[in-house]
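Laboratory data are not the source of any read-out in this text; all were calculated from the coordinates shown. Nothing here was measured: the structure is a model prediction, and the numbers come from that model. Here the Cβ is made from the backbone with ideal geometry for all residues, glycine too, and neighbour counts use every protein chain on show.
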Amino acid sequence: MELSEIQQYLPFLIPVIVIELALMIAALVDLLKREETRGPKWAWLLVIVLVNFIGPIVYFVIGRKDE
Amino acid sequence: MNFFSVLRKELTEQWRTKRFLIVAAVLAAFGLTSPLLAKFTPELLKSIPDMPAGLAEMIPAPTVADAVGQYVKNMSQFGILLAVLMSMGAVAQEKERGTAAMMLAHPVSRLDFLMAKFAALAVAFAVSLAVAALGCWYYTLLLFEPLAWGPFLALNGLMLLVFLVYIAVTLLCSTLARTQGAAAGLAFAGLVLVAGVGSLPRVGEYFPGRLFEWGMVLALGGGDPAWPAFWVSLGMIAAALAAAWLVFRRQEV
Amino acid sequence: MIQIENLHKHYGSIRALDGLDMTVEAGTIFGFLGPNGAGKTTTLRILSGLARGTAGRAAVAGLDASADRRALSRRIGCLPEEPAFYPWMTPREFLDYLARLHGLSSADRSRQTRELLDLVSLAEAGKRRIGGFSRGMRQRLGLAAALVHKPEVLLLDEPVSALDPIGRKEMLTLIEDLRGQCTVLMSSHILADVERVCSVVGIIARGRMVIQSPREELMERYARPVFEAEAADAASASRWADRLRVQPWAAAVKLENAVVRVTVNDIARARREILPSAVAQEVILRRFEEARPSLEDVFLQLVGKEAAQ
């Protein structure tokens, strides 16, 4: 398969990227509204933005502190 | 009957605390990426510049079986992990936070309390799995060939059943534990136990994990049913929930 | 309205309740007093059906606390010491949820929610998330939650102990306003609060009822005259207090920095001898008075007696 053929399939990735972005934005909004997190806030910011997909989920599962 | 009022609260909670979003996003992402990965892994391997010509020839062209196989594999690993992660705090958190005591002083029976948790998790995983299945089915159609939707639906039903087994067992662990930390520890012990015993050669025939194989073969047009594993799974759900209720009923919160 | 007979609760070898007897008449605001760890919370938890007694009987409104938990929950309202809420809910949603559990119709729910939020002055915070609430707001919301189904009996566990003076005053006023509407059982280890609102007082120590009686009667019977004096310095106050402790007419001597508080048995003799003893110890007094006895003095006297047995 040539590169151009692979490119032809790139649109398939768009929904995946949309899901990832939605998750990331939801995590960021949650992080910014939250007063306290488990561990420093800036670290979570990096995790959410830099670690694809897993970052926001790890934040949601263990980063949030019960108010 | 206050079951539905409590269920309503559970569903709202899942939505507001973004738990539903997590489940839906993770499962949907696996639904979409599974066929994609199946299609492109061989292509990517072939495109490695130093690949000897002979070896490249030996990599088989991907088929629809690879797409379904990838989907089932992802769900059997990450789906189950997610089911445990999302359920382990369910009861323990409310006990630790004190909301369980607060609610149980109102007309909420302990059975309603537990069943609403199970039902809400079941709804979240069912809806998310439906979204994932739709994505997987559509991408498989575009990249490979159409899957017969009936058997594919059956595959997803069987996978949901396995998730429910893990959710029920994890809820039992969460009920047994006093704190969230203890609940997490117990839940992973439960996961290792159920998955571990299920991977043993002869006993595995009767364990929920066997349903993945059955579903996969089914989706690809084969037979090989595993009814014993099916009934055992239903039994495990009922037993785990009943045990959780018996424990919770005697517990002082 | 509340009847407890010979109630025991053992946690392993620890006897949290050791044969507690108690009766709360309908319509009273009952002050349940005792030092920390005396068994107040355990009693309230058993009454609300969250815990079970090891032996004995506890009944509320004629219903056995361990048997009829569901029926019980419709007739009692509880406010735990630290009320817990779902942080993602708003107070309005929380009260609506509780009202729904109690089977109120949609119209009744919204009216009841509005009225209760007004009552506990949370109307403006009605749409904010509970997660960000202060201690006082949570306590007031907890009271509203306990009142959502207009219960006959209200169980309040240390309702004001964790509050600042303003919050405490607001809360006590709310409780006082419930007089006549329902029977209130309120635990506390702060006596001034109980003194203000409660008509009947029960004192518990080490899992047993020491005494239970209308407040006025209790004061008349047990409150003994108290002298309070403030010395110029703590050292001489302490010296003097040691001297006073051995006097036959002094029942109890309490020392707080330079303030000496003496409860006496024999008022006439005390009046004669207390000042000379200060002079003898060369204590310089800044202030000296014969104080009105408070519930605290009664409490110390009774709980102290129990401890001595």
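Full extension of the chain segment joining C:Arg239 with C:Ser199 gains 10.5 nm, where the gain is 0.36 nm per residue of separation less the Cα-Cα distance. The calculated 222 nm mean residue ellipticity attributable to helices in chain B amounts to -26000 deg cm²/dmol, summing -39500 (n - 2.57) over DSSP H runs of n ≥ 4 and dividing by all residues. Label positions at B:Ala122 and C:His10, each projected 7 Å from the Cα along the C-beta direction, are separated by 4.2 nm.
Relative to the current alpha-carbon distance between C:Ala192 and C:Thr173, full extension at 0.36 nm per residue lengthens the span by 5.5 nm.
Label reach from C:Arg286 (point 7 Å along Cα→C-beta): in region C:249-278, amide nitrogens under 20 Å belong to C:254-262, C:275, C:278. Extending 7 Å from Cα along the Cβ direction at B:Leu11 and again at B:Phe188 yields two label points whose distance is 3.3 nm. Cross-link reach is defined here as a Cα-Cα straight distance under 24 Å, omitting same-chain residues fewer than 8 places apart; for C:Lys169 the lysines meeting it are C:Lys40, C:Lys150.
For region C:1-56, applying the loop criterion from DSSP together with a ceiling of 12 other beta carbons within 10 Å to the trypsin sites (Lys or Arg not before Pro) yields no site.
Ranking C:Ser106, C:Pro214, C:Gly180 by Cα position along the charge dipole of the protein assembly as shown, where only Lys, Arg, Asp and Glu carry charges on their C-beta atoms, puts C:Pro214 farthest toward the positive end. If only the Cβ of Lys and Arg carry +1 and only the Cβ of Asp and Glu carry -1, the dipole of region B:3-248 around its Cα centre is close to 880 debye. At 1.002 mPa s and 20 °C, plugging the Kirkwood radius over alpha-carbon pairs of region A:12-62 into Stokes-Einstein gives what diffusion coefficient in µm²/s? Estimated diffusion coefficient is 194 µm²/s. Dipole orientation for chain C: of the candidates C:Ile274, C:Ile14, C:Ala231, C:Ile14 has the Cα lying most toward the positive pole (charges on Cβ; Lys, Arg +1; Asp, Glu -1).
Taking label points 7 Å from Cα along the Cα-to-Cβ direction, B:Met1 and A:Arg38 give a separation of 3.7 nm. Which stretch or stretches of region B:146-180 have amide N atoms under 15 Å from the point lying 7 Å from B:Asp224's Cα along the Cα→Cβ direction? B:155, by backbone N distance to the label point.
Which one, B:Ser34, C:Ile284, B:Phe230, is farthest towards the positive end of the dipole of the protein assembly as shown when Lys and Arg carry +1 and Asp and Glu -1 on their Cβ? Value computed over the given set: C:Ile284. Put simply, the Cα atoms of the protein assembly as shown extend 116, 51, 50 Å along their principal axes, the longest span coming first.
Bridgeable lysines around A:Lys41 (alpha carbons under 26 Å apart, same-chain partners fewer than 8 residues away excluded): A:Lys33, A:Lys65, B:Lys18. Rounded to 0.05, the FRET efficiency of the C:Trp88 and C:Ile267 pair, given R0 = 56 Å and the Cβ-Cβ distance, is 0.40.
Computed from point charges on the beta carbon alone (+1 for Lys and Arg, -1 for Asp and Glu), the dipole magnitude for the protein assembly as shown about its Cα centre is near 1000 Debye.
Site-free segments of chain A were taken between trypsin sites (Lys or Arg not before Pro) in DSSP loops having at most 12 other Cβ atoms within 10 Å, sites themselves excluded; the longest one is A:1-37.
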